[in-house]
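Trainee: Once you've had a glance at the structure underneath, I'll fire off some questions.
The values are calculated or read from the model by the stated rules, or taken from the named source; none is laboratory data. What you see is a predicted model; the values in this text were computed from it and never measured. Note: ideal-geometry Cβ built from the backbone for every residue, glycine included; neighbour counts use all protein chains shown. Note: accessible area is taken over every heavy atom of the protein model, side chains too, but ligands, DNA and RNA are not part of it. Shrake-Rupley method; radii C 1.70, N 1.55, O 1.52, S 1.80 Å.
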Amino acid sequence: MKIIIVIFIFFSFSIQLFILESFQQSNADKNLTTPIPFIIPKGFPEPQYKFKNNPLTKEGFELGRKLFYDGRLSQDGNFPCASCHQQFAAFSTFEHRLSHGFNNQFSFRNAPGLFNVAWQKELHWDGGINHIEIQPLAPITDPHEMASNLDTIILKLKKDIQYKKMFAAAFCDATINSQRILKALAQFTASLVSANSKYDKVKRGEAIFNQYEKTGYTIFLQKCASCHKEPLFTDLSYRNTGMAVDSTLMDYGRMRITGKKEDSLKFKVPSLRNVYLTSPYGHDGRFSTITDVLDHYISGVEKSSTLDSLLKNGISLTDNDKFYLINFLGTLTDTSFVNDKRFSETK
């Protein structure tokens, strides 16, 4: 009898020890990832995306970066996210009016610079995407862009030993699924923060504007800041800026999402950060240069029932005003951002 009791006690103790070790191992597994702090630049508001349910980690970020540059996310392997969002162009499409995609097709919009998206409640020119974690689904599934689907992508990634290791490192097991793909991509894209231009350095007291830039900044505050609010240089609103509808693309902007006539020809106000790097301009890339954009506001605004009230008389600018404005806009170029190896395909 005593032997049975001893065996029972030993068996019970072994089970408790096993449970304790499993619990400790489970907790240890949760701490295998390396947290990365998301630093809000001085003067910036609180971001919309806070990583609450997707903690930012070194492993998750690196997985997201690899996915961002991987052509296998497209049907034919030729169009990664980075094909339309090139780092040297502040993650916009360099010199292409419209995004180029699968089977030599074009989308119907210009790819905007992919930076400071953590501060955007809605994404795309028309605000049709309301969460950064689902944004990649639009280009991935668009037949004119990446022309693929998540099930196919998952099958491809599961055949790659390196991906299995990276998913295990980022999420503590090697399961590859759609949610994890999207979360990893969000960790990378939300980390694309541009806040170190000359303008930012001036605001931090680390530099000063030259006379041309200073005069341009004064004109900017008078003529442009109502829509292009600092520090993001956009108020993220949707406005009809008097651009006639392209008869081929027939893009009516925000109205495509809301179905409301009052939203006809309204598009999101783009950020002017890195504007020197993100040509061509406009939702359909119709403006080749910054001068073209300024000339539009001076004399090219087309009136309609939904035209923004601030533009009913256009914007009055002299040739000197344009010269000074362009000088100021050059201070919004963040060279450290476009050269940051953390965001490049290879470190």
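Trainee: Name the residue, out of 189, 175, that is hydroxyl-bearing (Ser, Thr, Tyr) and either more than 23 Å from residue 343 (Cβ to Cβ) or in the same structural domain as residue 270 (by TED's automatic domain parsing) (or both).
Mentor: 175
Trainee: Being modelled with pLDDT of 95 or more, over 15 Å from residue 127 (Cβ atoms) and either of a type in the set (Gly, Ala, Ser) or not in a loop (DSSP other than H, G, I, E, B) (or both) is the filter here, so list the residues in segment 230-253 that pass it.
Mentor: 242, 244
Trainee: A follow-up question, please. Among the residues in segment 268-279, are any surrounded by fewer than 20 Cβ atoms within 10 Å (Cβ to Cβ) and of a type in the set (Lys, Arg)?
Mentor: The answer is no; no qualifying residue exists.
Trainee: Just give me the residues in segment 299-326 being more than 19 Å from residue 230 (Cβ to Cβ) and open to solvent by 60 Å² or more (accessible area, probe 1.4 Å), in sequence order.
Mentor: 299, 302, 303, 305, 309, 312, 313, 316, 318, 319, 320, 323
Trainee: Which residues, taken from segment 161-184, are among the aliphatic types (A, V, I, L, M), part of a loop (DSSP other than H, G, I, E, B) and open to solvent by 20 Å² or more (accessible area, probe 1.4 Å)?
Mentor: 174
Trainee: Something else: Which one of the conditions (1) in contact (Cβ under 8 Å) with a residue 24 or more places away in the chain; (2) closer than 29 Å to residue 248 by Cβ does residue 71 fail to meet, given that it meets all the rest?
Mentor: (1)
Trainee: Quick check, is residue 187 open to solvent by 20 Å² or more (accessible area, probe 1.4 Å), of a type in the set (S, T, N, Q) and either closer than 19 Å to residue 346 by Cβ or not in a loop (DSSP other than H, G, I, E, B) (or both)?
Mentor: Taking the combined requirement at face value, the residue does not satisfy it.
Trainee: Just to check your reading of the model, which residue among 94, 115 is part of a loop (DSSP other than H, G, I, E, B), of a type outside the set (Lys, Arg), open to solvent by 60 Å² or more (accessible area, probe 1.4 Å) and on the phi < 0 side of the Ramachandran plot?
Mentor: None of the other options fit; the residue is 94.
Trainee: Would a scan of segment 254-262 turn up a residue that is closer than 30 Å to residue 336 by Cβ and modelled with pLDDT of 95 or more?
Mentor: Checked against the condition, which is being closer than 30 Å to residue 336 by Cβ and modelled with pLDDT of 95 or more, segment 254-262 yields no hits at all.
Trainee: Tally up the residues in segment 118-145 that are part of a loop (DSSP other than H, G, I, E, B), closer than 23 Å to residue 249 by Cα and among the polar types (S, T, N, Q), please.
Mentor: Going through segment 118-145 one residue at a time, the tally reaches 1.
Trainee: Condition test on residue 64, is it under 23 Å from residue 165 (Cβ atoms), without any contact (Cβ under 8 Å) to a residue 24 or more places away in the chain, open to solvent by less than 50 Å² (accessible area, probe 1.4 Å) and in the same structural domain as residue 143 (by TED's automatic domain parsing)?
Mentor: no
Trainee: Next up: Filter segment 62-88 down to residues that are closer than 21 Å to residue 105 by Cα and either assigned to a loop (DSSP other than H, G, I, E, B) or aliphatic (A, V, I, L, M) (or both), then give me how many there are.
Mentor: Number of matching residues: 13.
Trainee: Counting just the residues of segment 283-298 that are in a loop (DSSP other than H, G, I, E, B) and touching a residue at least 24 places away in the same chain (Cβ under 8 Å), which one comes out surrounded by the fewest Cβ atoms within 10 Å (Cβ to Cβ)?
Mentor: Filtering first and then ranking leaves 286.
Trainee: OK, next. Picking from 329, 272, which residue would you name as being assigned to a helix (DSSP H, G or I) and closer than 22 Å to residue 230 by Cβ?
Mentor: The unique qualifying residue is 329.
Trainee: Follow-up. Assess whether residue 287 counts as being within 27 Å of residue 48 (Cα to Cα) and either in the same structural domain as residue 111 (by TED's automatic domain parsing) or at pLDDT 95 or above (or both).
Mentor: Taking the combined requirement at face value, the residue does not satisfy it.
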